[in-house]
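Engineer: First, the structure itself, so that you have it in front of you.
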Amino acid sequence: NAGVTQTPKFRVLKTGQSMTLLCAQDMNHEYMYWYRQDPGMGLRLIHYSVGEGTTAKGEVPDGYNVSRLKKQNFLLGLESAAPSQTSVYFCASRQSTDTQYFGPGTRLTVL
Amino acid sequence: GQSLEQPSEVTAVEGAIVQINCTYQTSGFYGLSWYQQHDGGAPTFLSYNALDGLEETGRFSSFLSRSDSYGYLLLQELQMKDSASYFCAVRPDTGGFKTIFGAGTRLFVKA
């Protein structure tokens with residue numbers, strides 16, 4: 001099992017560009033999450049999904065969109081990147097327990 | 001509101017015991033989780049307390065007291081590799097698909 005994987009690992013964007021981050025899990029988990037982590041800070045929830053075809057807003061959803069067309073994939077989109085979106089993005093999944101399994105992260109820099 | 005508070009930094013000596021506290025303000029939750037994150041890495045699950053009391057997993061133990069709105073992570077026989085950030089987290093039982101993370105405690109283990 002690969003667990004949770006994220007693509008890409010690193011990305012540099014210019015202000016106004018768009019991109020999509022892909023998260024994939026092979027554990028058949030229902031719940032998936034996108035977080036951002038800024039230096040020296042904790043994890044802030046962007047969006048989450050409680051099952052295929054569902055999405056919901058988290059704590060900091062502005063400027064991001066998500067889709068969960070397949071159970072194993074959760075996509076995070078930035079339509080018009082801003083420097084404030086420079087961060088490390090983590091995807092996580094879980095099943096019925098509270099334990100979340102995290103991907104390795106995507107380090108995004110917006111110039 | 002719902003929040004978790006942890007000390008920002010703790011320093012301890014190799015071989016010693018260290019306790020990382022987590023106090024919370026949330027009306028109700030399913031359990032208290034602890035995650036470890038090394039620099040440049042992803043958070044990984046360490047321990048979970050669904051009920052009050054002590055849970056032991058090798059050198060790590062975690063404690064929860066709902067009546068005191070308090071929990072802690074205890075690390076024994078500290079090793080240099082334990083230098084990392086440690087996050088406590090709860091999943092509120094209202095709107096209960098989301099998890100709230102503390103800002104994290106940076107542990108420095110000295111030789």
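Only the coordinates and a few stated rules stand behind these numbers; no lab work does. From a predicted model like this one, the values you see are computed outputs, not experimental measurements. All Cβ positions, even for glycine, are placed from backbone atoms using ideal geometry, and neighbour counts span all protein chains on display.
Okay, residues lined up against (1) within 12 Å of another protein chain (Cβ to nearest Cβ); (2) surrounded by fewer than 21 Cβ atoms within 10 Å (Cβ to Cβ); (3) at positive phi:
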position	(1), (2), (3)
A:Leu21	no, no, no
A:Gln25	no, no, no
A:Asn28	no, yes, yes
A:Gly40	yes, yes, yes
A:Leu43	yes, no, no
A:Tyr48	yes, no, no
A:Ala56	yes, yes, no
A:Glu59	yes, yes, no
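Results for (1) within 19 Å of B:Gln2 (Cβ to Cβ); (2) touching a residue at least 24 places away in the same chain (Cβ under 8 Å); (3) surrounded by 19 or more Cβ atoms within 10 Å (Cβ to Cβ); (4) under 10 Å from the mean Cα position of the chain (by Cα), shown as yes or no for each residue.
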{"site": "B:Thr57", "(1), (2), (3), (4)": "no, no, no, no"}
{"site": "B:Tyr70", "(1), (2), (3), (4)": "yes, yes, no, no"}
{"site": "B:Glu77", "(1), (2), (3), (4)": "no, yes, no, no"}
{"site": "B:Ser83", "(1), (2), (3), (4)": "no, yes, no, no"}
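Engineer: I would also like to ask the following. Do we have any residue at all in the range B:77-88 that's part of a strand (DSSP E or B), over 20 Å from A:Asp98 (Cα atoms) and either more than 11 Å from chain A (Cβ to nearest Cβ) or not aliphatic (A, V, I, L, M) (or both)?
Structural biologist: Yes, the conditions are met somewhere in the range B:77-88.
Engineer: Additional query: Restricting the range B:35-48 to residues that are part of a strand (DSSP E or B) and among the hydrophobic types (A, V, I, L, M, F, W, C), which is farthest from the other protein chains (Cβ to nearest Cβ)?
Structural biologist: B:Leu46
Engineer: Moving on. Quick one: B:Thr94 ticks every box in (1) crowded, with 19+ Cβ neighbours inside 10 Å; (2) in a loop (DSSP other than H, G, I, E, B); (3) of a type in the set (Val, Ile, Thr) bar one, so which box is it?
Structural biologist: (1)
Engineer: For a quick check of your reading of the model, give me the residue pairs whose first member lies in the range B:19-34 and is in contact (Cβ under 8 Å) with a residue 40 or more places away in the chain and in a strand (DSSP E or B), whose second is surrounded by 15 or more Cβ atoms within 10 Å (Cβ to Cβ) and of a type in the set (Gly, Ala, Ser), with beta-carbon atoms closer than 7 Å and at least 6 apart or on different chains.
Structural biologist: Filtered contacts from the range B:19-34: B:Cys22/B:Gly71; B:Cys22/B:Gly102; B:Leu32/B:Gly71; B:Ser33/B:Ala89; B:Trp34/B:Ser47; B:Trp34/B:Ser62.
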